[in-house]
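Following: one structure in structure tokens, then a few remarks.
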Amino acid sequence: MKQWLPFIKSGPTVAVIRMSGTIGAQGRAALNDASLGPVIEKAFSKGKPDAVVLEINSPGGSPVQSSLIGARIRRLAEEKDIPVIAFVEDVAASGGYWLAAAADEIYADPSSIVGSIGVIAASFGVHEFIKEHGVERRVHTAGKSKSMLDPFRPEQPEDVARLKTLLEDIHANFIDHVKARRAGKIDPEADLFTGEIWLARRAVELGLIDGVGHLRPMMKDRFGDKVKFRRFGVRRGMLSRFGVQMVQDAAHGIEEWAAFARFGL
């Protein structure tokens, strides 16, 4: 009769962290450092896994939250000496690809969308609309740039110039991250940082990902048929599940749909 001992590891284990949706600040999206942080810490710590897998399906979002999550993954991977492998589902674009690049290896389905290494800012201008309806906009500021890009007034060239500088600086951070994480893999002759997207096989040729494959068969090939999978992910709170945050969730759902729709999803 086999006796089970809690301190003896019975076989290889892979921790799987689910990362699905847009990346945003607290209260606006499920994927942010505040909500994912405890999940990531637990995945790396529970039972000393042989590998941590990132199961990614994200069109992107906040560059800051992407950076915070990616940095946490790298810190834990290096501290605990655990390899990290990313598997892309429908899309890992923009901030979604930032998260994938935090892994040591990246794999995707043949039809997965990868890339969009760029930065975007979008808004609306409604100054003509309120003018036609007799609405007068009154704004008072201390600091000449405080009302930069106010959608209720005509766009100012100096505001656009400031915004472009910010976007270029964030883009440079994104490029540095990809170059550091994919060093020796990305094609040095290819222009990868235009915001363009590719399907998986082309992304392999460009060095943005390591191959085409799916999570379970690849992990079984690597660790054996007896490998165990432990799943970790963000759970909605009880109040949210019972509809207290229904309006906020619905608004976020529309935003998330629009983000995925950019990639035909």
Cross-link partners of LYS185 among lysines (Cα-Cα below 29 Å; sequence separation of 8 or more within a chain):
LYS48, LYS80, LYS220
The lysines whose Cα lies under 21 Å from the Cα of LYS164, excluding any fewer than 8 residues away in the same chain, are LYS144, LYS146
Please report, largest first and rounded to whole Å, the three semi-axes of the ellipsoid equivalent to segment 95-202, where each semi-axis is the square root of five times an eigenvalue of the C-alpha gyration tensor.
40, 16, 11
The local net charge around ILE56, scoring Lys/Arg +1 and Asp/Glu -1 for residues other than ILE56 whose Cβ lies under 12 Å from its Cβ, equals -3
Relative contact order (%) - segment 24-145, alpha-carbon pairs under 8 angstrom, separation at least six
22
Once the whole set of protein chains is in place, how much accessible area is left on HIS214, using a 1.4 Å probe, in Å² to the nearest 10?
100
Need one value: the accessible area of VAL119 in square angstrom, 1.4 angstrom probe, rounded to the nearest 10.
50
Roughly speaking, what is the centre-to-centre gap between segment 40-101 and segment 180-237 when only Cα atoms are used, to the nearest Å?
11
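The values are calculated or read from the model by the stated rules, or taken from the named source; none is laboratory data. All of these numbers come straight from a predicted model, not from anything done at the bench. Here the Cβ is made from the backbone with ideal geometry for all residues, glycine too, and neighbour counts use every protein chain on show. Ligands, DNA and RNA are stripped out before the accessible areas are found, and what is left, the full protein with its side chains, is counted by its heavy atoms. Shrake-Rupley method; radii C 1.70, N 1.55, O 1.52, S 1.80 Å.
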